[in-house]
Structure formats: structure tokens, C-alpha cells
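Accompanying notes for the structure given below.
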Amino acid sequence: MSDKRVKYYEQKNQGQSAARNYAIFNSIGKYLMIVDSDDIIADGSIDFLMDAAIENDCDIAEGKVNMFLKHAEFDFDNKFRVIGKNSRELLRCVCYSVVKVFKRELWENVSYPVGYIFEDVITKFILRRKANRIVLTDSVIYGYRVGHNSSSHSKDNCKFADAIRVLPKIWELVDRNNMPKDKFFYFLSLNHIELLNYVMINRLTEELKKLAFSVMQNQRTIVDAYKPKHVPFMFRLLDKAVKRGKIKVWGYIAETIRKYGLLKRYREIN
């Protein structure tokens, strides 16, 4: 490399998680940003997010993603909103590790689990709870290339069942980082079990879907120990369907929430 500011590392191919962990371990800057090799970032996007993070004294600055096949379109918007670690908007943060800049210190005692398809979901859960302040913008600054042969997008790939393995790993990291198991732990867990899992396991065969559903029922029982007194209406509907084993009812409610973005509107969580 001719630019002394750039450090280039190589390692034996061990998958995406291992590569990211190695890069984070060797990073020396105050902030870091993850960019996948087949994606595109808008010109000025790093400066844009860095300025937002520094000016608002935030641990994470996050923009929006444009999914594309051939051509990515970007749209900068200078409107920002800052949220705290107990904000209801934590449920709205995107699951991708990309399209963000992080304070490097957030990654202390956190790493991507090797051997998981949905490793982004695991680290997102932990990092957004560790962050004191997060700045969000609706600017579309990252182009996420959707490949026809991608393991995480192939419709006939049974690795979608991997989604149900994610939550136990999240709980392990919560304990390792001495994070509170409060009402937000409950809501973020339930959001994963009963809503995010729907998006993933809905693509499985009926037999695998039923098996995944039984695992979800066991997971929600564990989370029940941290259930707050007041639970928003749509959460109660979802949870009742899962608790009673009504897989079709659960699917209908989850799809309605997903389609109309109902969960984003709830102020009750605060």
C-alpha cells in the first residue's frame, strides 16, 4: 500500500465473522466502520457518519441501507435524531453491522460468533445496549448487494433455521458483559423470538417451521422471568399466540406487524 494510513491484513479463509473479528482486533482508531467487499458506500458517507457521531457525542451513528442487484441509489438527508440506551427506537435500529460507525471501545468483550449466519443480529443486540447514545439518520448511504447465490438470501436454504440459535448466544454475551435483564432485555428478546424469527423461519418447510416454533416457545418461557407489568398490545397478541401454540395465528399477526410497521409506532415501551 502506498498510503501509510492504510493497513492491509490477510488470514486463512475462516468465514465472515472470523475476518471481521481479526480486523476489529487489529484496528487502532477511535471509531470503526464495517464494509463488506461486494457492497458500495456513497461518496462522503464515512465523513457524514463520523461528523454525526462526534457532533452529537454518540457511540454509534447509523444510516439506511439500499438493497440492490446492479445499481445502488443513495440519498443524503441532514436530519438526525439522537436516542438513549432506553429508547423505544432501539427496536428500529437496523440489524446489519454495515451502515454504521462505532466507537471501538464498544467492542471490548464483544466479538462475532463464528459459525452463525445471522451474526449481525447477535452483535447488534449487545452493542446498542452498551451504547449510551446513538444518532440515527434516514440518509441512504450504503448499497447492500443482493447476490442470487448468497447463503443468507437463498430461499431454499435451510440455514434460515439458524435464526433460532441466535438468542441463546445473545444471552451468553449479555451475561458476559454484565448487562441488565430489564424490560428492554425482555422486549428486545421477545422482538427477536416472535417477530424477527417470523421473517426467517417463514421460509422453511412446514416440518422445519413447526420444529423452530417449538424452540421459540421454550425461549419465550425463559424470557417470561423478566416480563414487565405493562406490555404493549401487539406484543401481547404475538405472545399469546406463541404461548398457546397457534402457529398460523402467530404468523398472521407477525405478518401484519411487519407489513404495516406497527411496532415502530409504540410509545408504550418507554
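Convex hull volume per residue, computed on the Cα atoms of region 40-140, equals 105 Å³.
For the chain, the relative contact order works out to 20 percent when only alpha carbon pairs closer than 8 Å and six or more residues apart are counted. Is the shape of region 7-46 best called rounded, prolate or oblate, per the rule: a/c under 1.5 gives rounded, else a/b larger than b/c gives prolate, else oblate, with a ≥ b ≥ c the square roots of the Cα gyration tensor eigenvalues? Taking the square roots of the gyration eigenvalues as a ≥ b ≥ c, region 7-46 is oblate. With one equal scatterer per alpha carbon and no solvent term, the Debye-computed log10 I(q)/I(0) for the chain at 0.07 1/Å reads -0.26.
Evaluated over the Cα positions of region 158-265, the convex hull gives a direction-averaged projected area, one quarter of its surface, of 6.7 nm².
For the chain, what proportion of DSSP beta bridges, expressed in % and rounded to the nearest 5, is antiparallel? Once the DSSP bridges in the chain are tallied, antiparallel ones form about 65 percent. Taking the DSSP beta bridges in region 16-145 as the whole, what percent of them are antiparallel, to the nearest 5? The antiparallel fraction comes to roughly 65 percent. Report, in deg cm²/dmol and to the nearest 500, the calculated mean residue ellipticity at 222 nm for the chain, where each DSSP H run with n ≥ 4 adds -39500 (n - 2.57) and the sum is divided by the residue count. One gets -11500 deg cm²/dmol as the mean residue ellipticity at 222 nm. Please report the spacing between the Cα centers of region 35-107 and region 171-204 in Å, no decimals. With region 35-107 and region 171-204 each reduced to a Cα centre, they are spaced 22 Å.
Values quoted throughout were computed directly from the atomic coordinates according to the rules given, and no laboratory measurement underlies them. Note that the structure is a prediction, hence the values are computed from the model and not measured.
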